[in-house]
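FYI, it's all coordinate maths here, none of it is from the lab. What you see is a predicted model; the values in this text were computed from it and never measured. In this analysis, Cβ positions are derived from the backbone assuming ideal geometry, glycine residues included, and neighbour counts consider all displayed protein chains.
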Amino acid sequence: MKKIIKLAVLSCIVVTLTACGNREGTDDDYMNNKTEPTKNVESVLEKIEADDELLEKQIGEYRKERDKDKYTKEVNGTIINTQPNEEDYIKGFDEVRKVEPKLPDDLEEAYEEVGRYLEEDKKLEQKTKDLYYLPADPRVYKVYIDEDKGKLQGYDNENIIVMEYLDGDTWKFVYVAKENKDGQWKFVHDGINHKE
């Protein structure tokens with residue numbers, strides 16, 4: 001089971017790094033977008049949320065596609081799972097992800113805490129290819145722009161990581177956070193968003 005967790009962590013890191021590598025512009029441009037969410041992101045979120053039924057359908061199609069074997073590759077004897085591009089399914093997703101802070105140096109530890117919580121505390125029965133994934137629902141990124149961070153109140157954006165997983169028939173989100181840059185990642189919340 002530890003091997004599966006390590007593969008899931010490695011897969012998430014590869015997907016995250018791949019997604020980050022596709023950004024255009026300089027690191028300074030990117031960081032300026034991350035530290036102060038623009039009205040453009042809020043506007044894009046409003047448009048995305050305007051048709052809830054369509055959004056749920058797009059998210060469902062993306063999640064179904066993501067679990068296909070064609071996104072599993074072997075690199076130097078290691079199985080790596082990649083993911084399709086969210087923007088191909090949900091227009092505006094790339095713009096929304098700009099509010100997500102720069103990935104921390106200890107991202108692997110954050111992913112390990114997510115895996116530990118799901119396996120040890122929740123004892124989740126895995127029904128998908130990976131135990132957990134990067135969020136496919138753009139609404140989850142509101143945790144980075146809402147003044148009321150709900151269960152994550154008191155944590156800085158750069159110290160919050162969110163992942164999604166399938167619990168029975170319901171997709172939920174796991175939030176892990178740390179007190180400061182040098183802190184240790186810990187489970188904070190498990191729910192349908194950062195407030196409930």
Segment Lys122-Asp146, extension gain: residue separation times 0.36 nm, minus the distance between their alpha carbons: 5.9 nm
Taking the simple approach of a point 7 Å from Cα along Cα-to-Cβ for both Glu46 and Asp106, what is their distance in nm? 3.9
Counting Lys +1, Arg +1, Asp -1, Glu -1, what net charge surrounds Pro135 among other residues with beta carbon under 12 Å of its beta carbon? +2
